[in-house]
Structure formats: C-alpha cells, structure tokens
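Right, one structure below, let's go through it.
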Amino acid sequence: MSDVALATGCPEPPAGRYDVALLDLDGVVYVGPDAVPGVPRALAAARDAGMRLGFVTNNAARTPGEVAAHLTELGVPASDGDVITSSQAAATVVAARLGPGGAVLPVGGPGVAAALTAAGLRVVERADDQPLAVVQGYGRDVGWAQLAEAVVAIRNGAEHVATNTDATIPSPRGPLPGNGAMVGVVSAVTGQAPLVTGKPDPAMHAECVRRTAARRPLVVGDRLDTDIEGARRAGAASLLVLTGVTDPAALLAAPPGQRPDLVSADAAGLLVAHPSVTVVDGGWRCGSWTVRAAEAPGTWLLAADASTPEATGDGLDGLRVLCVAHWDRTPHAGAPAHVRPGDPVAAAALADWGLDASADGSEQ
C-alpha cells in the first residue's frame, strides 16, 4: 500500500479524534446567505462530542464580528475570536512590513479596511494619498473606480498585497467570480504579481491553532488549492467536503499537495468513522467497492459487491477507493481518472459523481 493518507481513513468519528475543527465557511458552513442543510446540527453535535470549532475564511469582505453574527443567526454560535479572515492575515503581514501608521489603500469590502485599521495602519482612499501598499480583498461592490485607484497606486510604487487569489466563490447559482478574478485584472494591467497572504499560506491556520491551543487540528474545507493545500503546508490533517467548488472529478485529478486525508459529502463527516482502503487481489477495496486496472491503458474498473455491506452510509466508499487507487498510480502529479463501471450500481454512482464513463471517452 502506498502512503496515500486517504487509505488509512479514521476508525472513529473525527470529532472524537481531533480536538479542533478549523472550518472554511463559503461552501462548507454556508452557500450564499444560507446554511448548508444539516450542517448547523452537525456542528452542534461535534461540539457536544468535545470538538472545538474555529472558522478560517479567505473571504475578506466582512469583519470577524459580522461573520460571527451571521454564523450565530444560522444556528452556529460563534464569537469574534473564533473567526480568522484573510483580511486579518494580510493586515498582520503589511503592518510588519510598513510599521505603525503606514498608509494603505484598501480594495474590497468593509472587512479589509477594518482589519488594516485594527492593525495600526492608516487607511487612505486614493492613489494620490501615496499609499505604500494596496491590500485587495473580496467585495461584492468592487468596481472599476477601486481597481483604477489600485492600478495607479501600484504603478506609483505601492506594494500589491492580495488577501487571496480564489478564482471563484460558491453560490446557490453556481460558482461566481472571486477575489482572484479581480486581482488578475489589476495584475494584468500593472504587470506585477501580488504578495498573497491568505490560504494556502499556512499563516491563517497557524494563527487559529494558536488562538485555540489546538493539539490535533482538522482543517475542513471545500477547496483543494486553498483549504487542503493550506492544511498540508501547516502540517494539519484535512477533511474535504463536496458542498462547495470541488467535485469528484477534480478530487481524483488533485496533485499530491492537494490531496485530503478524509472526504465526506458535507460537514456531518465529522460525526462518522471513515473506512480504510485495503489492497485485495491486485486491486483495492473499501466496504463493498473494489477498483482494479482495466484492460484499456489508463482506465480503472469500479465494481460494487452487493453481498458486502457499505462501510459507511454516505455513498462515497467507491469514490474513496478510486482516489486511493488513482493516487497510488500517480504519486508525483495530478491526472484525470478514466473509469469504467463493472456493474449497474457502479454505473449509477459514476453518473452521480459526474464521472460517467461515456462522458470522458473511456471504453464501455
């Protein structure tokens, strides 16, 4: 067996093994203004099991107090100190570089300016105010005027700092442009790449670990390139949930630095054991599911054994075994997985996961 972490699973519910869950917000706890169905109840149960919760978000638009209030309204009680935003991380970095009173031009929602002020920096509104840095974070009302001021300031010598470069944010209408899209506009015009301070930089998770005194943290997120990579860079275990931007096809194609330790449909995965994946007869097994190399080069054969009970009730054991098999064969780089169903149950599962063999050209 390879060293793929997902192969080990977690024989007990993660809420009993890890002392603190460091939860991303957009796509994990809520999508748009509404909670992910069932998640407030699951997080309450995790707390009842003794797990503490911290909230780590790349969304820089709101202040920690506003985020905590929104969480509380959704049935997830939180205080300001439970929330770490990418604006706070950026403000800490900029304050260390400029010193107290340094002039900074914020681009983004109110959370950006509030974090800069709290860090002892002087917030200015125009490039003509000669800012030493531009801090750019997500804001729904960011438009041409703010982007133009940022471009002029950076051309005049200000350092460009981005709270994150997430290309998209999840929404009830599907992925929408995130801060990374707007950062790309500024960078394209100035020709300068920004300093990025949010996830996957480990500073945010490290700060939350310090605040919570976590000894065994578990990062819970929906993005491979921020949450999962950030966890690996911070030396923490990770749980990927499928309620946000990452789908099974992207998970299977993940490069080594973005492969999670655990995967679940949603944050209720904190409350159930996660099965291990074992080697059997030249293939891999997880519960009632097996994966073997198919005759066609580069293709996997997925099958379900109706006589063997599912190891978990979340319907993802087939995906778990596929990930372990595929990652074991692609240890150094991510690559798309081509899968052929071995039976009607597997065919239905592949279709549910968006991995229908007929869609990717693999043999039927």
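Identify which of Thr226, Thr308, Thr243 has the largest mean-square fluctuation in a Gaussian network model of the chain, with springs joining Cα atoms closer than 10 Å. Answer for the Gaussian network model of the chain: Thr308.
For region 245-323, state the average projected area of the convex hull of the C-alpha atoms over all orientations, rounded to one decimal in nm².
Average projection, Cα convex hull of region 245-323: 6.1 nm².
By its C-alpha gyration tensor, with a ≥ b ≥ c as the square roots of the eigenvalues, how is region 69-149 shaped: rounded for a/c under 1.5, else prolate for a/b larger than b/c, else oblate? Taking the square roots of the gyration eigenvalues as a ≥ b ≥ c, region 69-149 is oblate. Once the chain from Arg329 to Gln130 is taken as fully extended at 0.36 nm per residue, the excess over their C-alpha distance is 66.3 nm. Calculated mean residue ellipticity at 222 nm for the chain: -9000 deg cm²/dmol, from DSSP H runs with n ≥ 4 weighted as -39500 (n - 2.57), summed, divided by the residue count and rounded to 500.
With only Cα atoms counted, region 86-196 has Rg and Dmax values of 13.0, 42 Å.
With respect to the chain, whose longest principal axis is taken over its alpha-carbon atoms, helix 39-48 is tilted by about 90°. Taking 0.36 nm per residue of separation and subtracting the current Cα-Cα distance, fully stretching the chain between Arg47 and Ala103 would add 16.0 nm.
Output the 0 to 90 degree angle, nearest 10, between the alpha-carbon long axis of helix 86-98 and the longest principal axis computed from the alpha carbons of the chain. Result, in degrees: 50.
Rank-order 31-44, 101-114 by packing density, defined as the average count of other C-beta atoms within 10 Å over each peptide's residues, highest first. Present the calculation step by step, with values, prior to reporting the outcome.
On the way: 31-44: 16.9, 101-114: 23.2.
Put in order of decreasing packing, that is 101-114, 31-44.
The Cα-based radius of gyration of region 278-354, divided by its Kirkwood radius, gives an Rg/Rh of 0.94. For the chain, the longest principal axis of the C-alpha atoms and the axis of helix 144-155 are separated by about 80°. Rounded to 0.05, the FRET efficiency of the Ala265 and Arg215 pair, given R0 = 25 Å and the Cβ-Cβ distance, is 0.35.
Projected label points at Glu207 and Val279, each 7 Å from Cα along the beta carbon direction, are separated by 4.4 nanometres. Rounded to the nearest 0.05, what FRET efficiency do Ser307 and Gln192 give with R0 = 45 Å and r taken as the Cβ-Cβ distance? Could you check? The pair Ser307/Gln192 has a calculated efficiency of 0.15. The spacing between region 304-334 and region 1-34, judged by their C-alpha centroids, is 17 Å. With the convex hull drawn over the C-alpha atoms of region 4-124, the volume per residue is 132 Å³.
When the convex hull of the Cα atoms of the chain is projected onto a plane and the area is averaged over all directions, what value comes out in nm²?
18.5
Within the shell of other residues whose beta carbon sits under 13 angstrom from the beta carbon of Arg215, the net charge comes to +3, with Lys and Arg scored +1 and Asp and Glu -1. With the highest mean first, a sort of the peptides 229-240, 146-157, 171-182 on other beta-carbon atoms found within 10 angstrom per residue produces 229-240, 146-157, 171-182.
Where a number appears in this text, it was derived from the coordinates with a stated rule and is not lab data. Since the structure is predicted, the reported quantities are computational estimates derived from the model, not experimental observations. Using ideal geometry, Cβ is built from the backbone for each residue, glycine included, and neighbour counts are taken over all protein chains shown.
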